[in-house]
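The values are calculated or read from the model by the stated rules, or taken from the named source; none is laboratory data. Since we're looking at a predicted model, the values are computed, not measured. Reconstructed Cβ throughout: ideal geometry from the backbone, glycine too, with neighbour counts over all protein chains shown. Surface accessibility is based on the protein's heavy atoms, side chains included, excluding ligands, DNA and RNA. Shrake-Rupley method; radii C 1.70, N 1.55, O 1.52, S 1.80 Å.
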Amino acid sequence: MALMNVTAHVTENFPPVFLMTASGDFLKEQALLMASALTKHNVPFLYRFYGDSQNLLPYVFHCDMRSEDGKQCNQDECDYFLKFCK
(Lines give C-alpha, C1' and ligand atoms only; values in the text may rest on other atoms or scores of the structure.)
Protein backbone atom coordinates (compact mmCIF):
# COMPACT_ATOMS: atom_id res chain seq x y z
CA MET A 1 0.00 0.00 0.00
CA ALA A 2 2.91 2.39 0.69
CA LEU A 3 3.94 2.19 -2.96
CA MET A 4 0.56 3.62 -3.93
CA ASN A 5 1.22 6.80 -1.93
CA VAL A 6 2.82 8.90 -4.68
CA THR A 7 3.32 11.92 -2.44
CA ALA A 8 5.65 9.89 -0.22
CA HIS A 9 8.01 9.49 -3.17
CA VAL A 10 8.24 13.16 -4.16
CA THR A 11 11.73 14.59 -3.68
CA GLU A 12 13.58 17.61 -5.01
CA ASN A 13 14.63 15.36 -7.93
CA PHE A 14 11.03 14.82 -9.05
CA PRO A 15 10.48 16.04 -12.65
CA PRO A 16 8.22 19.01 -13.47
CA VAL A 17 4.52 18.22 -13.23
CA PHE A 18 1.37 19.31 -15.03
CA LEU A 19 -1.21 18.61 -12.36
CA MET A 20 -4.82 18.77 -13.43
CA THR A 21 -8.20 17.63 -12.29
CA ALA A 22 -11.82 18.35 -13.08
CA SER A 23 -15.14 19.12 -11.45
CA GLY A 24 -16.48 15.59 -11.89
CA ASP A 25 -13.20 13.79 -11.11
CA PHE A 26 -13.68 11.37 -8.22
CA LEU A 27 -9.99 11.89 -7.31
CA LYS A 28 -9.94 15.70 -7.43
CA GLU A 29 -9.06 16.05 -3.75
CA GLN A 30 -5.85 14.08 -4.38
CA ALA A 31 -4.54 16.85 -6.63
CA LEU A 32 -4.27 19.21 -3.68
CA LEU A 33 -2.27 16.63 -1.70
CA MET A 34 0.10 16.28 -4.63
CA ALA A 35 0.40 20.05 -5.01
CA SER A 36 1.36 20.28 -1.35
CA ALA A 37 4.08 17.63 -1.73
CA LEU A 38 5.44 19.31 -4.86
CA THR A 39 5.53 22.69 -3.12
CA LYS A 40 7.27 21.22 -0.07
CA HIS A 41 10.08 19.90 -2.29
CA ASN A 42 10.27 22.92 -4.63
CA VAL A 43 9.26 20.88 -7.67
CA PRO A 44 8.04 23.04 -10.55
CA PHE A 45 4.41 22.34 -11.35
CA LEU A 46 1.31 23.89 -12.87
CA TYR A 47 -2.09 23.11 -11.37
CA ARG A 48 -5.26 23.44 -13.44
CA PHE A 49 -8.87 22.72 -12.52
CA TYR A 50 -11.31 22.25 -15.42
CA GLY A 51 -15.09 22.49 -15.41
CA ASP A 52 -17.52 23.77 -12.80
CA SER A 53 -20.89 22.92 -11.26
CA GLN A 54 -22.60 23.52 -14.61
CA ASN A 55 -19.99 21.56 -16.56
CA LEU A 56 -19.10 18.41 -14.60
CA LEU A 57 -16.13 16.96 -16.41
CA PRO A 58 -15.39 13.29 -15.65
CA TYR A 59 -12.14 11.70 -14.52
CA VAL A 60 -10.67 11.22 -18.00
CA PHE A 61 -12.30 14.14 -19.82
CA HIS A 62 -8.96 15.07 -21.41
CA CYS A 63 -8.93 11.82 -23.43
CA ASP A 64 -11.95 12.98 -25.47
CA MET A 65 -10.37 14.88 -28.35
CA ARG A 66 -13.80 15.92 -29.61
CA SER A 67 -14.36 17.86 -26.38
CA GLU A 68 -13.29 21.50 -26.31
CA ASP A 69 -12.40 21.05 -22.62
CA GLY A 70 -10.23 18.04 -23.49
CA LYS A 71 -8.50 19.95 -26.26
CA GLN A 72 -7.85 22.90 -23.96
CA CYS A 73 -6.41 20.69 -21.22
CA ASN A 74 -4.06 18.96 -23.65
CA GLN A 75 -2.98 22.27 -25.14
CA ASP A 76 -2.29 23.66 -21.66
CA GLU A 77 -0.20 20.59 -20.87
CA CYS A 78 1.81 20.83 -24.09
CA ASP A 79 2.40 24.55 -23.58
CA TYR A 80 3.65 23.89 -20.05
CA PHE A 81 6.14 21.20 -21.00
CA LEU A 82 7.39 23.07 -24.08
CA LYS A 83 8.85 25.64 -21.67
CA PHE A 84 11.26 22.96 -20.47
CA CYS A 85 12.42 22.06 -24.00
CA LYS A 86 14.06 25.39 -24.76
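Checking each residue in region 51-63 for being assigned to a loop (DSSP other than H, G, I, E, B) and either open to solvent by less than 90 Å² (accessible area, probe 1.4 Å) or closer than 30 Å to ALA8 by Cβ (or both) picks out GLY51, LEU57, TYR59, VAL60. Looking only at residues of region 3-30 that are open to solvent by 80 Å² or more (accessible area, probe 1.4 Å) and among the hydrophobic types (A, V, I, L, M, F, W, C), we find that the one that is modelled with the highest pLDDT is PHE26.
Look at region 11-35: where a residue is in contact (Cβ under 8 Å) with a residue 60 or more places away in the chain and a partner is open to solvent by 20 Å² or more (accessible area, probe 1.4 Å), sitting 6+ places away or on another chain with Cβ atoms under 6 Å, you get PRO16/PRO44; PRO16/PHE84; PHE18/LEU46; PHE18/GLU77. Are any residues in region 64-86 under 22 Å from PRO15 (Cβ atoms) and without any contact (Cβ under 8 Å) to a residue 24 or more places away in the chain, and if so, which ones? Selection gives ASN74, GLN75, CYS78, ASP79, LEU82, LYS83, CYS85, LYS86. Here ASN74 meets the list (1) open to solvent by 50 Å² or more (accessible area, probe 1.4 Å); (2) in a helix (DSSP H, G or I) almost entirely, failing just condition (1).
Just one of the numbered conditions (1) in a loop (DSSP other than H, G, I, E, B); (2) of a type in the set (A, V, I, L, M, F, W, C); (3) open to solvent by 90 Å² or more (accessible area, probe 1.4 Å) is not true of LEU33: (1).
Quick check on ARG48: is it out of contact with any Leu (no Cβ under 8 Å at 6 or more places or on another chain), of a type in the set (Lys, Arg) and open to solvent by 50 Å² or more (accessible area, probe 1.4 Å)? No: the conditions fail for ARG48.
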